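Following: one structure in structure tokens, then a few remarks.
The values are calculated or read from the model by the stated rules, or taken from the named source; none is laboratory data. Since we're looking at a predicted model, the values are computed, not measured. For neighbour counting, all protein chains shown are included, and Cβ atoms are generated from backbone atoms with ideal geometry for every residue, glycine included.
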Amino acid sequence: MLNTSNHTLPERVASDSWPRYTTPTILLVDDDRTSIRTLEEILKKEGYNLRYAPSGEAALVEYEHRQPDLLLLDVMLPGIDGFEVCRRLRDKHGEGCAPVLFISASAENMKQNDGFRAGGVDYLAKPIQAKDALLRIRAHLGVHLYARRQQRLADELGRANEAKNKFIGMCAHDLRNPLASIRGLAEFLKDPTLGKLTPEQLAIVSSIHDASQTMLTLVNELLDISTIESGALTLNRSATSLHELAANAIRLASINASRKGMSITLSDTSASPVLSIDAPKIRQVLDNLISNAIKFSPSGSVITVSIGIPPHESPLGFASISVRDQGPGIPVAEHDRLFKDFSLLSTQPTGGEKCTGLGLMICRKIVEAHGGNIEAINQSGGGCVFSFTLPLSP
């Protein structure tokens, strides 16, 4: 029987207590008419939608049909008992299952039994107390409904992010070819075989070339980002010599390095390992690290690229590639911002080069897709070493 002595029935649930898009539905599973009437008297005043099931088997069917927000589940039922009903619902729906409050004649029996191990979140002891029942029901409904609302918002954000990535990818793809043409035409105009330009004209053409190159770099990085975030990053692996890959990267980068009075050396301490990797993508990582070393090192610096297998690694371990510069290093307070998108540090390029803040994040994603790791460590004698590892066996 309902015991309301010394208790004032709580006020009805305020309309803003629940997300506005839903009215909570409670599935009451019990074959005891007295218990059902008691709970009806409590819950209908609160404005809840009530659904009923007289047995465990009926509860499973009703749950799938109604998708309730909470279950009040009697332990002793015809057929399968309440514990088994709860276990089956938890097995099928996992964390998305509505909270289950068992109805038990004995709190002690409930604690000693399998109620909580079966997946129940709480219990109502008979005889049911109105105030206690409402407090427990409100609490568990609130947690469940707001968790569900957060999941819906997360799903909506995921769809919006997917649409954003698609839009960025389309825009970047459409911009890349015109920008490449502008850069190519600027290089064409700088060629003296077409006629000598005045210093003013040459400065303008050089500005056009540099601006188009900066924009083309950003567009290519945005394309990489949209590919990575959409989950479409795929690796086309092939047997690749790290020594050959690094030598080719250094050969091309040395042109830019020489313009700033720098040199790049290759220190290969390994037996020139051949790895199964996506060579163009790993080349992109190495190009980015060498380019950054050139940007942030002073004139006259020596940039060292090293390849090796750390001696503490087993034959089935990792090969490493590192790029050491002679720049100012990474400010300690900004170290955590490395390898994150649009992370521009306070350190400025020595030649006024432009940075997007995307390159290192792309490097991290590519290396991690290969099963490796990337890091940056300041050197005690000055400069910084960016290094990444690649598994010898994919």
Considering every residue within the range 306-329, establish whether at least one is under 23 Å from the mean Cα position of the chain (by Cα), modelled with pLDDT of 90 or more, buried (at least 19 other Cβ atoms within 10 Å of the Cβ) and not charged (D, E, K, R). no
Restricted to the range 122-157, and to residues that are surrounded by 20 or more Cβ atoms within 10 Å (Cβ to Cβ) and either in contact with a Cys (Cβ under 9 Å, 6 or more places away or on another chain) or outside any helix (DSSP H, G or I) (or both), which residue is modelled with the lowest pLDDT? Y123
Contacts under 7 angstrom Cβ, first residue in the range 23-49 being among the basic types (K, R), partner surrounded by 15 or more Cβ atoms within 10 Å (Cβ to Cβ), 6 or more apart: K44/L50
Of these, S226, S212, S181, which one is part of a helix (DSSP H, G or I) and touching a Gly at 6+ places or on another chain (Cβ under 6 Å)? S226
If you scan the range 71-89, which residues turn out to be surrounded by fewer than 23 Cβ atoms within 10 Å (Cβ to Cβ) and touching a helix residue (DSSP H, G or I) at 6+ places or on another chain (Cβ under 8 Å)? M76, P78, G79, I80, D81, E84, R88, L89
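Okay, residues lined up against (1) under 13 Å from G119 (Cβ atoms); (2) within 40 Å of the chain's Cα centre (by Cα); (3) of a type outside the set (K, R):
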{"position": "Y48", "(1), (2), (3)": "no, yes, yes"}
{"position": "R66", "(1), (2), (3)": "no, yes, no"}
{"position": "L73", "(1), (2), (3)": "yes, yes, yes"}
{"position": "E84", "(1), (2), (3)": "yes, yes, yes"}
{"position": "R88", "(1), (2), (3)": "yes, yes, no"}
{"position": "K92", "(1), (2), (3)": "yes, yes, no"}
{"position": "G96", "(1), (2), (3)": "yes, yes, yes"}
When every residue in the range 99-117 that is in contact with a Lys or Arg (Cβ under 9 Å, 6 or more places away or on another chain) and at pLDDT 85 or above is compared, the one nearest to R149 (Cα to Cα) is V100
Looking at (1) of a type in the set (V, I, T); (2) in a helix (DSSP H, G or I); (3) in contact (Cβ under 8 Å) with a residue 40 or more places away in the chain, find the lone condition where V61 falls short. (3)
Which residue pairs have Cβ atoms under 8 Å apart, sit 6 or more places apart or on different chains, and have a first residue in the range 141-154 that is under 21 Å from L101 (Cβ atoms) and assigned by TED's automatic domain parsing to the domain that holds G47 and a second that is modelled with pLDDT under 85 and outside any helix (DSSP H, G or I)? L141/W18; G142/W18; L145/W18; L145/P19; L145/T22; Y146/P19; R149/P19
In the range 237-260, is there at least one residue being part of a loop (DSSP other than H, G, I, E, B), more than 14 Å from L390 (Cβ to Cβ) and not charged (D, E, K, R)? no
Every residue in the range 367-382 that is touching a helix residue (DSSP H, G or I) at 6+ places or on another chain (Cβ under 7 Å) and part of a helix (DSSP H, G or I), please. V367
Hey, N288 part of a helix (DSSP H, G or I), under 26 Å from the mean Cα position of the chain (by Cα) and under 16 Å from P349 (Cα atoms) or not: yes
